[in-house]
Amino acid sequence: MIREKNPNCIIINNTGLENKGKLIHPEIDSVTYEQGKIDNDFISDKEIAFEVCYPINDH
């Protein structure tokens with residue numbers, strides 16, 4: 001539905017700590033997550049951008 005209105009948009013999924021980089025929909029262009037690894041268990045006909053964050057703060 002989003003791409004019907006704006007075909008050039010970028011859809012980003014912030015998976016957070018729960019899904020840790022899991023690509024859950026073929027329309028997603030970029031996945032951001034914390035403390036995990038890239039999920040290579042998906043098949044896509046396009047390139048997907050991944051961003052990971054490892055906090056270095058000490059609580």
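Overview of values
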quantity: Condition broken by residue 17, with the remaining ones in (1) modelled with pLDDT of 75 or more; (2) in a helix (DSSP H, G or I) satisfied; calculated: (1)
quantity: Where residue 25 falls short, out of the listed (1) in contact with a Lys or Arg (Cβ under 7 Å, 6 or more places away or on another chain); (2) at pLDDT 75 or above; (3) not polar (S, T, N, Q); calculated: (1)
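The values are calculated or read from the model by the stated rules, or taken from the named source; none is laboratory data. This structure is a prediction, so every number in the text was calculated from the model and none was measured. Don't worry about glycine lacking a Cβ; one is built from the backbone with ideal geometry, like all the others, and counts go over all protein chains shown.
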